[in-house]
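Trainee: Quick one: the structure is below, and I'll ask about it shortly.
The values are calculated or read from the model by the stated rules, or taken from the named source; none is laboratory data. Note that the coordinates shown come from a computational prediction; the quantities given were computed from them, not determined experimentally. Positions of Cβ are generated from backbone atoms using ideal geometry, with glycine treated the same way; all protein chains shown enter the neighbour counts.
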Amino acid sequence: MKKKILLTGGNSFVGKNLRESFLSEKYEIAAPRSFELNLADRKAVKAYFQKNSFDAVIHSAIKPGHRNAGSLDGFLETNLAMFDNLTECRSSFGRFINIGSGAVYDTARDNRRVKESELKPPESGNLTTLYKYALHGRIAGLDNFYDLNVFGIFGRYEDWEIRFISNAICKALCGMPVTMRQNRIFSYLWAPDLAPVIEHFIENTPSHGKFYNVTPDEELSLKEAADIICGICLEKTGHAPELKIAREGNGLSYSGDNSLLRAEMPEIQFTPAEKAIRELYAWYEKNIQMIDRNLLLRDK
């Protein structure tokens, strides 16, 4: 029999990529929408688990806190309530895999190939950092709970208005300049590469702790990503978009060391950045109707 998996946030960018991966064939995945299961409603969550049990929970649901999210009212309270409501029902599921974020290391710091052992209490008031750090503390005290921290994850279905690689591709396809505030170094993970990691943590008991940076071996700067996109556009159209960088130099780095993940999964392979960007470029070409040029006119 297939293992039963609960995927929260199944309609999110990460959730959609997981649902379209091989995981949907290997496992029986339940991905209720928020109107079907309000994770912030304690009674609703308890009632759901009284009727359902799972071998594992993949938790990717989050009330967004990015710059395109609108009001941040209740951000911490809602997200912590969702996690706490799920943990109250842990007798109804086996493993818990949280899709975490490099923001746990504090986005106000310069994090260059940061290691799990280098985690410190946040110094900034960034809400996402505070939330991720609070979850880290909770997960540390819970058996069979694991935290997978992704940094610059990108791919199909991400918010192309604000996420750099998709935004740059959309601007190139619309004949607009590719823009960035300042160059930065990231650990950019191609979203489909997350699925094999999830499978490993479902099927195996991790032997290198509870917290793992899920990052590729190579870093990628925004400038390098932009150059790849401009090169693809030149190949296809004969014209490369103008690249505009508002500030010289490099901003804060946002990259993680993957030594623990490599120790846990020695054979793991990551899609090279250029190959992944080419795949995403082709996807936007096929779905050009989804791009509203007017929403690209103002950088967010």
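Trainee: Collect the residues in the range 1-11 that are buried (at least 19 other Cβ atoms within 10 Å of the Cβ) and of a type outside the set (A, V, I, L, M), keeping them in residue-number order. Can you show your working first?
Mentor: So in the range 1-11, the residues buried (at least 19 other Cβ atoms within 10 Å of the Cβ) come out as 5-10.
Within the range 1-11, Thr8, Gly9, Gly10 meet the criteria.
Trainee: Taking the range 265-289 as the search range and keeping residues that are touching a residue at least 60 places away in the same chain (Cβ under 8 Å) and among the aliphatic types (A, V, I, L, M), which one is surrounded by the fewest Cβ atoms within 10 Å (Cβ to Cβ)?
Mentor: The qualifying residue surrounded by the fewest Cβ atoms within 10 Å (Cβ to Cβ) is Ile288.
Trainee: Hey, among the residues in the range 229-254 that are touching a Phe, Trp or Tyr at 6+ places or on another chain (Cβ under 9 Å) and within 23 Å of Lys275 (Cβ to Cβ), which one's surrounded by the fewest Cβ atoms within 10 Å (Cβ to Cβ)?
Mentor: This residue is Lys236.
Trainee: Looking only at the range 173-197, count every residue that is closer than 19 Å to Glu158 by Cα and either polar (S, T, N, Q) or under 22 Å from the mean Cα position of the chain (by Cα) (or both) and tell me the total.
Mentor: Filtering the range 173-197 down to residues closer than 19 Å to Glu158 by Cα leaves 173-174, 178-180, 186-195.
So of that shortlist, the ones also either polar (S, T, N, Q) or under 22 Å from the mean Cα position of the chain (by Cα) (or both) come out as 179-180, 186-195.
Residues meeting the conditions: 12.
Trainee: Residues in the range 16-39 that are hydrophobic (A, V, I, L, M, F, W, C) and over 21 Å from the mean Cα position of the chain (by Cα): how many? Please lay out each step first, then the result.
Mentor: The first filter runs over the range 16-39 and keeps only residues hydrophobic (A, V, I, L, M, F, W, C), leaving 18, 22-23, 29-31, 35, 37, 39.
The next check asks that each one be over 21 Å from the mean Cα position of the chain (by Cα); those that pass are 35, 37.
Of the residues in that region, 2 qualify.
Trainee: Please determine whether any residue of the range 22-40 is closer than 21 Å to His136 by Cα and touching a helix residue (DSSP H, G or I) at 6+ places or on another chain (Cβ under 7 Å).
Mentor: As a first pass, look at the range 22-40 and keep what is closer than 21 Å to His136 by Cα: 39-40.
Subsequent filtering for residues that are touching a helix residue (DSSP H, G or I) at 6+ places or on another chain (Cβ under 7 Å) retains 39-40.
Yes: one or more hits.
Trainee: Kindly list the number of the only condition in (1) closer than 23 Å to Tyr133 by Cβ; (2) in contact with an Asp or Glu (Cβ under 9 Å, 6 or more places away or on another chain) that fails for Glu88.
Mentor: The failed condition is (2).
Trainee: If you don't mind, another one. Run down Asp257, Asp299 and say which single residue is modelled with pLDDT under 95 and either under 30 Å from Asp106 (Cα atoms) or surrounded by 14 or more Cβ atoms within 10 Å (Cβ to Cβ) (or both). Don't jump to the end; show me each part of the working.
Mentor: Numbers: Asp257 fails: modelled with pLDDT under 95.
On inspection, the qualifying residue turns out to be Asp299.
Trainee: Here is a follow-up. (1) touching a Phe, Trp or Tyr at 6+ places or on another chain (Cβ under 6 Å); (2) among the basic types (Lys, Arg); (3) free of Cβ contacts under 8 Å to residues at least 60 places away in the same chain: which one isn't true of Arg262, the others all being true?
Mentor: All conditions are met except number (1).
Trainee: Could you pull out the residue among Tyr157, Tyr133 that is more than 17 Å from Ala240 (Cα to Cα), touching a helix residue (DSSP H, G or I) at 6+ places or on another chain (Cβ under 6 Å) and in contact (Cβ under 8 Å) with a residue 60 or more places away in the chain? Give the derivation first.
Mentor: Numbers: Tyr133 fails: in contact (Cβ under 8 Å) with a residue 60 or more places away in the chain.
After ruling out the rest, the residue left standing is Tyr157.
Trainee: For the range 1-64, list the helices (runs of 4 or more DSSP H) that sit wholly inside it and hold at least 3 residues that are charged (D, E, K, R) and either modelled with pLDDT of 95 or more or farther than 14 Å from Asn98 by Cα (or both); which are they? Even if it seems obvious, please write down each step before you answer.
Mentor: Working: elements: 13-19, 23-26, 42-51.
The qualifying helices (runs of 4 or more DSSP H) are 42-51.
Trainee: For the range 65-88, indicate whether the set of residues that are outside any helix (DSSP H, G or I), surrounded by fewer than 20 Cβ atoms within 10 Å (Cβ to Cβ) and modelled with pLDDT of 95 or more is non-empty.
Mentor: Taking the range 65-88 and keeping what is outside any helix (DSSP H, G or I), we get 65-74.
After this cut, where a residue has to be surrounded by fewer than 20 Cβ atoms within 10 Å (Cβ to Cβ) as well, the list is 65-74.
If we keep only those that are modelled with pLDDT of 95 or more as well, we get none.
Among the residues of the range 65-88, not one is outside any helix (DSSP H, G or I), surrounded by fewer than 20 Cβ atoms within 10 Å (Cβ to Cβ) and modelled with pLDDT of 95 or more, which makes the answer no.
Trainee: Give the number of residues within the range 246-289 that are under 18 Å from the mean Cα position of the chain (by Cα) and within 18 Å of Glu116 (Cα to Cα).
Mentor: Within the range 246-289, residues that are under 18 Å from the mean Cα position of the chain (by Cα) and within 18 Å of Glu116 (Cα to Cα) number 7.
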